[in-house]
Each structure stands twice: as structure tokens, then as C-alpha cells.
1. Which count do you get for residues in the range 119-158 that are free of Cβ contacts under 8 Å to residues at least 60 places away in the same chain and surrounded by 17 or more Cβ atoms within 10 Å (Cβ to Cβ)?
2. Test of understanding: among Ala11, Ala81, which residue is among the small types (Gly, Ala, Ser), in contact with a Ser or Thr (Cβ under 8 Å, 6 or more places away or on another chain) and modelled with pLDDT under 75?
3. Taking Arg146, is it assigned to a strand (DSSP E or B) and modelled with pLDDT under 90?
4. Give me the residue from the range 120-134 that is at pLDDT 95 or above and small (Gly, Ala, Ser) and, out of that set, farthest from the chain's Cα centre (by Cα).
5. When only residues in the range 99-119 that are of a type in the set (D, E, K, R) and more than 16 Å from Gly46 (Cα to Cα) count, which is modelled with the lowest pLDDT?
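The values are calculated or read from the model by the stated rules, or taken from the named source; none is laboratory data. Everything numeric in this text was worked out from a predicted model, so none of it was measured. Cβ coordinates were reconstructed from backbone atoms using ideal geometry, including for glycine residues, and neighbour counts include every protein chain displayed.
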Amino acid sequence: MKTMSRFVVAALVVSSLAMSGCAYNSSSADVYTASQAQREETVRMGTVDSVRAVKISTNNGQPSGLGAIGGGALGAVAGSALGGGRGSIVTGIIGGLAGAIAGNSIENGAANRDGLEITVRLDNGDLRAITQSATGEIFRAGDRVRLLSSGGVTRVTH
């Protein structure tokens with residue numbers, strides 16, 4: 001019975017972590033939401049002034065806590081299996097703390113996406129900086145690009 005409850009806890013933690021990974025908000029120039037599709041966008045032309053690699057936090061720097069909870073639960077289960085008697089309590093606590101720290105770190109790492117800060121000099125001389133997910137499209141200083149803007153969202157494309 002003790003083994004079964006450990007399995008259930010582990011299964012719940014793993015499934016909740018997997019589901020949280022599905023909630024991905026993209027800042028890619030290649031991804032449109034359903035409400036953004038078939039909407040008119042303002043197009044401005046310009047020249048790339050500079051490009052800088054950045055990280056984009058999809059959780060706005062605020063972890064959900066699922067990583068810490070899941071890691072703590074898995075660490076506690078694994079730790080309690082190591083010791084016997086009172087030793088299993090101590091190793092369970094230590095495993096839970098270590099798992100919580102590791103789970104939080106993993107969640108924060110998984111929430112970071114590669115991005116680009118692209119500074120564009122518009123044809124009218126104005127300078128604009130747009131940050132978006134890196135999609136493999138390569139931008140270099142001197143490239144002619146389009147800035148597509150609608151509803152407060154601006155994308156840089158070739």
C-alpha cells in the first residue's frame with residue numbers, strides 16, 4: 001500500500017508538471033493567436049540597426065510553484081525510501097528540500113526562451129526596438145525588414 005501511494009503521488013506530480021509545460025505563450029513573429037489572424041496590421045519598413053540575444057521569461061519571472069512542489073514530493077518519496085525507521089524521516093525531509101530546490105530551478109529554466117532584441121531604424125528616421133522569440137530567422141545590421149503592428153503587438157520580419 002505504501003508503494004502504491006508513492007506511485008500515485010509521483011504520477012500526479014509528473015502529470016501536473018507535464019500539463020504546465022503545455023501552457024506556452026509565444027512571442028514569436030511566426031505565431032499568431034486566433035484573435036490576431038485575419039486582422040489588418042500596419043506595415044512599416046526599416047533597416048536593422050542592431051540585434052542582441054536575450055532570454056524571454058514565459059512566466060514573467062514568477063514560477064507557479066509546481067516545480068518546487070513536484071520536486072519536493074518526488075524528493076521526499078525518494079529520500080524516505082533510502083533510510084529505515086527514523087532515518088527514513090530524516091532522508092525524506094532532506095530529499096524533499098533538495099527536490100523542491102531542484103524542481104524550482106528546473107521550472108525557471110524551462111520558462112526561459114531564446115529571444116532577440118532587434119533595433120530598427122524606420123525609413124522616417126525613428127528608432128524602434130522590438131523583442132521577440134528567436135525562430136531561426138536571421139537578422140543582421142543593414143537588413144531591410146518589415147515591422148508589422150496590430151493591437152499593441154509588433155513583429156519584425158523580412
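1. 2
2. None of the others qualify; the one that does is Ala81.
3. no
4. Within the range 120-134, the match that is farthest from the chain's Cα centre (by Cα) is Gly125.
5. The selected residue is Glu107.
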